[in-house]
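*Asks:* Encoded as structure tokens, here's the structure I'll be asking about.
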Amino acid sequence: MTRAQLPALGYLYVALALPALLLGVGHRGAVSALFTAAAFSYFWFIASLRALVVRFDPDGFFASVVAMGGAAFIALQGAALLLDDPRFAAPSSAAAAAVIIGASLAAWRARKIPKWFGRAGVAGGIAVITVGIVEGAADWTFAGDTVFASSLGFMVWVVVTATYLLRR
């Protein structure tokens, strides 16, 4: 796999993390295995995204937000999933929103994406954190015990972003 193909690992992250979320607490071994592979794929996806954001934003501010948010997200999503505690959904949504908004603002300000697409990214990040706050405050999940709407929103963004990065 070449460096230009690394964004495709965003697809693999979603393909592995989604079944882990759907299986939930009844299949801890399978969930752990799926989520471990998903996390590995996700790290490579985030690294490829960060490398691109550095080119858009040479002072590194947005690249730092993407890297820190990305690392915090996967750790918090894992805690929510493996500990079966939806209160982790709120801080994981903040981390996901930081990745979404940071990457969107960097690309928008560098004029690498249309304005409407940048605005949609920022709005999507705000939606993810808002839903995550509700999930955490209300001890609520979208479905089952471990399917968080904020995580699903972030996964949609990962698929859209991976597609964009691969088409460049």
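The values are calculated or read from the model by the stated rules, or taken from the named source; none is laboratory data. Values in this document were obtained by computation on a predicted structure and should not be read as measured data. Because the Cβ atoms are built from the backbone with ideal geometry, glycine has one as well, and the counts that use them run over all protein chains shown.
*Asks:* Starting from residues that are among the hydroxyl-bearing types (Ser, Thr, Tyr) and surrounded by fewer than 22 Cβ atoms within 10 Å (Cβ to Cβ), keep the ones in the stretch 1-40 and report whichever is farthest from the chain's Cα centre (by Cα).
*Replies:* 2
*Asks:* Could you figure out which of (1) of a type in the set (A, V, I, L, M, F, W, C); (2) modelled with pLDDT of 90 or more; (3) touching an Asp or Glu at 6+ places or on another chain (Cβ under 6 Å) isn't true of residue 15?
*Replies:* (3)
*Asks:* Ok, one more. Which of the residues that make up the stretch 121-141 are part of a helix (DSSP H, G or I) and among the β-branched types (Val, Ile, Thr)?
*Replies:* Passing the criteria: 122, 126, 128, 129, 130, 131, 133, 134.
*Asks:* What's the number of the only condition in (1) under 20 Å from residue 150 (Cβ atoms); (2) surrounded by 21 or more Cβ atoms within 10 Å (Cβ to Cβ) that residue 68 fails to meet?
*Replies:* (2)
*Asks:* Would you mention how many residues in the stretch 92-115 are within 22 Å of residue 34 (Cα to Cα) and touching a residue at least 40 places away in the same chain (Cβ under 8 Å)?
*Replies:* Total satisfying the criteria: 3.
*Asks:* May I ask you to list the residues in the stretch 119-140 that are more than 20 Å from residue 71 (Cα to Cα), within 17 Å of the chain's Cα centre (by Cα) and modelled with pLDDT under 90?
*Replies:* Passing the criteria: only 135.
To keep it simple, each residue is scored yes or no on (1) farther than 27 Å from residue 133 by Cβ; (2) β-branched (Val, Ile, Thr); (3) touching a helix residue (DSSP H, G or I) at 6+ places or on another chain (Cβ under 7 Å); (4) at pLDDT below 95.
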site: 2; (1), (2), (3), (4): yes, yes, no, yes
site: 6; (1), (2), (3), (4): yes, no, yes, yes
site: 46; (1), (2), (3), (4): no, yes, yes, no
site: 66; (1), (2), (3), (4): no, yes, yes, no
site: 76; (1), (2), (3), (4): no, no, yes, yes
site: 83; (1), (2), (3), (4): no, no, no, yes
site: 86; (1), (2), (3), (4): no, no, yes, yes
site: 108; (1), (2), (3), (4): no, no, yes, yes
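*Asks:* Let me ask you something else. Using the structure shown, decide if residue 103 is crowded, with 21+ Cβ neighbours inside 10 Å, modelled with pLDDT of 90 or more and within 16 Å of the chain's Cα centre (by Cα).
*Replies:* yes
*Asks:* Further question: Between a first residue in the stretch 50-68 that is touching a residue at least 60 places away in the same chain (Cβ under 8 Å) and within 17 Å of residue 111 (Cα to Cα) and a second residue that is aliphatic (A, V, I, L, M) and in a helix (DSSP H, G or I), which pairs have beta carbons less than 8 Å apart while being 6 or more apart in sequence or on different chains?
*Replies:* From the stretch 50-68, the pairs are 52/165.
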